[in-house]
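The structure appears below as structure tokens.
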Amino acid sequence: MNYIIGEDRTQMKIESIDSYVNENNEVRVIDKIVDVMDIESLGFNIGKNDTVGRPKFNPRDILKLYIYGYFNGIRSSRKLAKQCAINKEVIWLIKGLAPKYRVIADFRKDNSDAFEAVFKSFVNYCIELDLYGKELIAVDGTKLEASASKRKHYSKNKLAKMKELAQSKILEYLHDIDINDNNDAEIISKDIDKDKIVESIKGLEEKVAYYDDLETTLIKNDTNEINLTDPDAKTVKFGANQGTDVGYNVQSVVDSKNKLIATFEVINNSADQGQLYNMSKKAKDIFNCDTIEVLAYKGYFDNKDFKKCEKEKIISYVSKPRYSTSIGDSRYFLDRFRYVDNKDIYICPEGQTLKCITKKIETKSKKYCNFEACHCCKNKSKCTTASKGRTITRTDMEQFGEIINNRVKNNQSKYSQRQALVEHPFGTLKRSMNFYHLLLRGFSKVRGEISIAFFSYNLKRVINILGVKGILHSLMLLIFNLICYIYEITPVTKSYRRYFIRKV
């Protein structure tokens, strides 16, 4: 048959490592961008490079390896160690070095703060390149599974059930012993091993004592749950129909111009509510701008946050959630009751007026009702279960929520950008970069791992925007300006700058 024939495996070749990657390969960007970094000022542990003893690996080389790994969805230290032997791009990137998996793993574990500094410094670099619009941002969170054992995760309810099971088993064993003690010796020897049961009871009593200690720890720390492998991880609710798991809630801010991540935060609470001001204020400070617009979904709807945002000139666009009633008829949900500001009344879905019954002028909440109209209303049973009728409580913060709700209604085209902005980074990270779960434990180390993942995402975006040659050119300009600053040289002509970049 006329097949394409491969090369002879015994054929010798003479080739340079530099020939492994072409000029437009993304690996050249990773190599150059790490070379430009001031590793020591970023906080990396550079070690003692004494002339005596075995030399250490250069932190730059391990950092390049990690960026390449997260860039291509290879996160395991063992898999990265294997890539050093089989992957031509990695061989080119770290010049044929072959660190063991333990060296690679320890580097990530010991330099979590430095990884965060790398992410922040790259954000500043992108700001200098004018890649952030600094006008419109979107805030969202995603849940990531923690590196924590579910078997070693305990809540108060779980401990109570496990104690109950252990104690019932102890009572069952004691009952069997009592029955067999009243029978003949021959029956005892055939049906029960008393010594073994006594030993089992002792083990169960130790378990009950262990559960008591855990309950004491929960009460002492004023928490409802604890994980023994990652104490910072908590039970978080994942997407619809995905249930709950032990993990973290990762908040991120995405700029609308190029879908670049500006900043992030890690929490162990499922709820996104209360994070809008915190995240948008961080982004505003990073951009150093006077005002900024922020988009978020209904999970961030919080009147207190809106008040803080208005003070800081942060213009919020957040859809209002629908608050259901115990009856469940959507026609009579709270959002169906219209508030008339100039009259200080509510108009119900049936057209009746609910007046304020609170006499105190300075109060944080007011109550509105019309029991006479409710008594005569034929749809009262669909609206409320209260015998007298429907009562609405309005807090002094409601006005901010209404302002935001009206703003969203009047700017639907702008608000419709939200999902396209925030889902783009998370979709790329999870689908393309295999960032579904975490490998490190504890807030500090988790922040470090997320930093290197977000840095890799931003780098991927910048390469797509500027191209390999474009970003390499900008890096060369950065090196040139740095050299001029260090040696107090004034670049006289643009042609000299171009000559320097071409030579480098």
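The values are calculated or read from the model by the stated rules, or taken from the named source; none is laboratory data. Worth saying up front: this structure is predicted, and the values here are computed from it rather than measured. Positions of Cβ are generated from backbone atoms using ideal geometry, with glycine treated the same way; all protein chains shown enter the neighbour counts. For accessibility, only protein heavy atoms count, side chains too; no ligands or nucleic acids. Shrake-Rupley method; radii C 1.70, N 1.55, O 1.52, S 1.80 Å.
Quick notes on this structure:
- For segment 327-350, the criterion of being closer than 27 Å to residue 135 by Cα and open to solvent by less than 40 Å² (accessible area, probe 1.4 Å) is satisfied by no residue at all.
- Only a single criterion out of (1) among the aromatic types (Phe, Trp, Tyr); (2) in contact with a strand residue (DSSP E or B) (Cβ under 8 Å, 6 or more places away or on another chain); (3) open to solvent by 40 Å² or more (accessible area, probe 1.4 Å) is not satisfied by residue 210, namely (2).
- Residue match in segment 104-111 (condition: over 21 Å from residue 37 (Cβ atoms) and open to solvent by 30 Å² or more (accessible area, probe 1.4 Å)): no
- If you filter segment 369-395 down to residues that are assigned to a strand (DSSP E or B) and within 20 Å of residue 330 (Cα to Cα), you find that the one that is farthest from the chain's Cα centre (by Cα) is 369.
- Test: residue in segment 351-364 that is out of contact with any strand residue (DSSP E or B) (no Cβ under 6 Å at 6 or more places or on another chain) and modelled with pLDDT of 85 or more: yes
- Set 481, 464, 434: member being more than 27 Å from residue 110 (Cβ to Cβ) and either at pLDDT 90 or above or small (Gly, Ala, Ser) (or both): 464
- Subset of segment 226-278 [among the hydrophobic types (A, V, I, L, M, F, W, C), in contact (Cβ under 8 Å) with a residue 12 or more places away in the chain and either assigned to a loop (DSSP other than H, G, I, E, B) or farther than 22 Å from residue 117 by Cβ (or both)]: 226, 228, 233, 236, 238, 246, 260, 271, 276
- Entry remark, segment 116-173: residues being among the acidic types (Asp, Glu), in a helix (DSSP H, G or I) and surrounded by fewer than 20 Cβ atoms within 10 Å (Cβ to Cβ) number 3 in total.
- Pairs meeting the criteria (first residue in segment 413-431 and free of Cβ contacts under 8 Å to residues at least 60 places away in the same chain, second residue part of a helix (DSSP H, G or I) and surrounded by 15 or more Cβ atoms within 10 Å (Cβ to Cβ), beta carbons under 9 Å, at least 6 apart or on different chains) are 428/457; 428/460; 428/461; 429/453; 429/454; 429/456; 429/457.
- You will find that of 302, 285, the residue that is open to solvent by 50 Å² or more (accessible area, probe 1.4 Å) and without any contact (Cβ under 8 Å) to a residue 60 or more places away in the chain is 285 and no other.
- Flag: residue 420 matches the condition of being within 25 Å of residue 252 (Cβ to Cβ), open to solvent by 50 Å² or more (accessible area, probe 1.4 Å) and among the hydrophobic types (A, V, I, L, M, F, W, C).
- Filter result for residue 45 (open to solvent by 80 Å² or more (accessible area, probe 1.4 Å), under 35 Å from the mean Cα position of the chain (by Cα) and not charged (D, E, K, R)): yes
- Identity of the residue in segment 434-467, among the polar types (S, T, N, Q) and crowded, with 18+ Cβ neighbours inside 10 Å, that ends up farthest from residue 44 (Cα to Cα): 458
- Subset of segment 233-264 (residues that are open to solvent by 40 Å² or more (accessible area, probe 1.4 Å) and under 11 Å from the mean Cα position of the chain (by Cα)): none
- Remark: pairs (first residue in segment 17-34, without any contact (Cβ under 8 Å) to a residue 40 or more places away in the chain; second residue open to solvent by 50 Å² or more (accessible area, probe 1.4 Å) and assigned to a helix (DSSP H, G or I); Cβ separation under 7 Å; 6+ apart in sequence or on different chains) = 34/60.
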